[in-house]
Each structure stands twice: as C-alpha cells, then as structure tokens.
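The values are calculated or read from the model by the stated rules, or taken from the named source; none is laboratory data. Predicted, not measured: the structure shown is a model, and the values here were computed from it. As a convention, Cβ positions derive from the backbone with ideal geometry for all residues, glycine included, and neighbour counts pool all protein chains shown. Keep in mind that these areas ignore ligands, DNA and RNA; they rest on the heavy atoms of the full protein, side chains included. Shrake-Rupley method; radii C 1.70, N 1.55, O 1.52, S 1.80 Å.
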Amino acid sequence: MINTSEKLFPAGSFPSWPMAGEEEERALLETLEAGQWGTLGSRALQFAERFGEYLGAKRVICVNTGTQALELLLRACGIGRGDEVIVPPYTFVATVSAVAWVGAMPVFADVDLDTGCLDAESVRKCVTPRTKAILAVHVAGRPCDMDALSRIAQENHILLLEDAAHAHGSSWKGVKAGNLADAAAFSFQSSKMLTGGEGGAIVTNNEAIFARAWQYHNSGRALEGGGELGGEVLMGTNGRMAEWEATILLQQLERLDAQCAKRTEGAAILDGALREAPGIALPPRDERVTSWSGFLYQFRWTGGCPRDSFVAKLAEAGLPCSAGYPPLYRMGMLRDQSFERSTGCAFGSEPRCPKAERLGDEAVWFKGRGLLAPKDTLRRAGEAIARIARECL
Ligand SMILES: Cc1ncc(COP(=O)(O)O)c(C=O)c1O
C-alpha cells in the first residue's frame, strides 16, 4: 500500500509547458526591432509557408485562435443556417460552438469507445439531405479512421473537415493530420504541442476555400488587393495572427518532430507498465497511425472506485493526470440563448451517444508534457499508476 498523501512526484518531476529557449528570445527581439508588429508582416506569412511545407499542404492561413480557425473555415465552406454538420460529443466546446456560431446545426455522432474519435458507422446514420460536412476531431492526437470517414463523405457528396487541434505532427498512413481531408483547423493555444501562446491555422489544398477563408479572416479584403480594401469586400472579421505568435511558432516548429518522438517513446514506457494493470483499458494499436503528436496519453478506468476518485489519487501523487471530456451535449451550451439566435431554432432533445457517455465517465488523461519527462521518471510513473489502480480496484 503506498501512502499517496506523500507526493511521489514532487513539483518539478515533470517538465512544464510550453518550453522555450534562447532561439525564441532572439527571434522575439528581432521582431520587436523590425518594427512590424501587426500581422501580414513577414512572420505570419513565413510561418504559414513553413507549416504548409511541414504538412505537405498547399495553403495555410494563420489566424488568432483555433476557435476562429474553425468558424472561418466553416464560413469559407459556405456552411450556415439550415445546414447540418456532424460532430463528435467527445471534444472541446469550440468544435461544436463554431458550427452553431456560423448558424448551422451540430448533429452528434457517437465515438469509438477506446479512442474517442468519430465512429464511422454512427456518422453514416447521421447523414441527412441537410448535411454539409463531417467535422472530425483527432482526439488526443490519434487520427480518426480517415479511410472510413472519407468514403462516407464521398458517397454523400459532403465535405470532410479536420479539427486537428490535438494533432500537430500526427500522421495517418504517412500523411500528416491537417492534410487528410478537404480542409483543417489547428489551434496553437498554450497547451498545444505546437504553440504560440494563442493562435490557429486554416489548412487546405482547395483554392476556393482558401480564397474565401483569406478574405473572411482579413476583414473581407481580397488576397490580390495587397491588404487594401477594394474590389469585392466580403463580410469578414479580423482573425489575423499577431507577429509575436508567428515568431514563436517558427521556432517551436523546429522542435516539434523531436518532441513528438520523445512523447511517443514516453508513451511506450507507460504502455509497458499499464498493459497488464487491472482496471486500465489501453486503446488498441492501429498500424495506420504512422506518427503521433503525443498531446494526451488517454486510457479508460474500468475499476471499482469512481473514475474521479482514481484521478484524484493520481493527482495527489503528483502525476499530470486529469479526467477526459464529458459529453458536450450535457454542458448547457446548446440551451444558451445565443445558440437559438444563431441557428434559428432551439436544439432538440438530448442526443444519445452511449459510447461517448461511457468514455466521459471512464477516460483518464496523462498530459503530453509529462511524456517528455526522463525515462526513469516515466517508468516510476507507470508503476505508480498501476499500483494506485490496484488500490482502487
Ligand atoms: C479539439 C479542439 N478544438 C478546438 C479548440 C479551440 O482552440 P483555441 O483554444 O485555440 O480557440 C481546442 C482548444 O483546446 C480543442 O482542443
């Protein structure tokens, strides 16, 4: 029996996040001295180009948050009132609020119990004549089954979009997340594995989506106008990224692949300790996932004590753990007055997504920053989780 009141892992045992060094410091000073602080200076454009190269995608637009990236992307796809977008309930609020903010109706499909990613069969059942897109979230950085989702999108002539906020550096059959569908949105908020503090990006190979998203993010200005208002001005917003964020992102991108590899190694150490642990269900491997961002190490707690008590014990021991997402349709946002104002109708009865609900009760996250700890710390972390699991059975 371990005494969990004594911190097994005192503060400092796991790295803090975000991480920066002299490179970021120097680059920020250069931007300061260059005097071009507003966006569409050199940095945001340079980062868009580099990130596009990294993903193998043609077009990237830097924006100020992941939430804005989603909203602008949906608008650029022509999605609005009267349309439906299929979303998972096991996600961050922005995936769903973005759909409602553009006036469309989110329709909840169930998820895979182990990964939290959209379940293709459930998605298929949600398609109606009003469906315009599937918005797939690569939960915890693990890509969704993009083969199955692409098939459904093609058969029904609807768009497949990615919310890649967890998936910087993840790949599906050798292709980077963010370049697996018609278009994608990224977040660079401070918990993300590629971060500028805040920020987001829209990624696409589709020139029409790109041109409209560009205009919408730049107060309606056309790309060809050199930043001037004139020609056809759309009803846009200011979604531009600050040069500071882009400056840091350029440096962070240099670190990304090595950090992803280290987090993947760290996860393998936890896998080794937890594979046989009682009350712990690890997601099965999928050979089609060829690289992983390491945003969150997610597993299910199936032991006797409530998941929240188990997580509280992990946190007490100093482990960087928390509970996963509750099903989003239980969070009240769909009953907020702005939902109805925006979409033009009230959300109907509460959906039933049994697997998302069960995962909402069972999911445990070990945060990605923790996976960057020294190997020995991770070995001890795995042993401690397994021991606490035995105690909580
Ligand atoms: C899945 C998902 N989508 C969208 C977002 C929104 O990103 P941001 O916080 O940059 O607006 C987040 C952020 O946590 C997220 O986790």
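Within segment 64-97, can you find the residues that are more than 9 Å from the ligand (Cβ to nearest atom), over 28 Å from residue 352 (Cβ atoms) and outside any loop (DSSP other than H, G, I, E, B)?
If the condition is that a residue be more than 9 Å from the ligand (Cβ to nearest atom), over 28 Å from residue 352 (Cβ atoms) and outside any loop (DSSP other than H, G, I, E, B), then 72, 73, 75, 76 are the ones that fit.
Using the structure shown, decide if residue 209 is open to solvent by less than 30 Å² (accessible area, probe 1.4 Å) and without any contact (Cβ under 8 Å) to a residue 40 or more places away in the chain.
No.
Only one of 367, 355, 313 is open to solvent by 60 Å² or more (accessible area, probe 1.4 Å), closer than 24 Å to residue 260 by Cβ and not assigned by TED's automatic domain parsing to the domain that holds residue 102; which?
Criteria check complete, one pass: 367.
Can you name the number of the only condition in (1) part of a helix (DSSP H, G or I); (2) among the hydroxyl-bearing types (Ser, Thr, Tyr); (3) crowded, with 20+ Cβ neighbours inside 10 Å that residue 115 fails?
That leaves (1) as the condition not met.
Take residue 258 and tell me if it is surrounded by fewer than 16 Cβ atoms within 10 Å (Cβ to Cβ) and not in a loop (DSSP other than H, G, I, E, B).
When the stated conditions are applied, residue 258 passes them.
So which pairs qualify, if the first residue must be in segment 179-201 and open to solvent by 30 Å² or more (accessible area, probe 1.4 Å) and more than 8 Å from the ligand (Cβ to nearest atom), the second must be hydroxyl-bearing (Ser, Thr, Tyr) and in a strand (DSSP E or B), the Cβ gap must be under 7 Å, and the two must be at least 6 apart or on different chains?
What qualifies is 182/204.
Quick check on residue 220: is it open to solvent by less than 20 Å² (accessible area, probe 1.4 Å) and free of Cβ contacts under 8 Å to residues at least 40 places away in the same chain?
Yes; evaluated as a whole, the condition is true for this residue.
Considering segment 152-170 alone, what residues qualify as being open to solvent by 10 Å² or more (accessible area, probe 1.4 Å), away from the ligand (no atom under 16 Å from the Cβ) and in contact (Cβ under 8 Å) with a residue 24 or more places away in the chain?
156, 158, 159
So, in segment 98-112, how many residues would count as being under 22 Å from residue 155 (Cα atoms), more than 17 Å from the chain's Cα centre (by Cα) and in a loop (DSSP other than H, G, I, E, B)?
3
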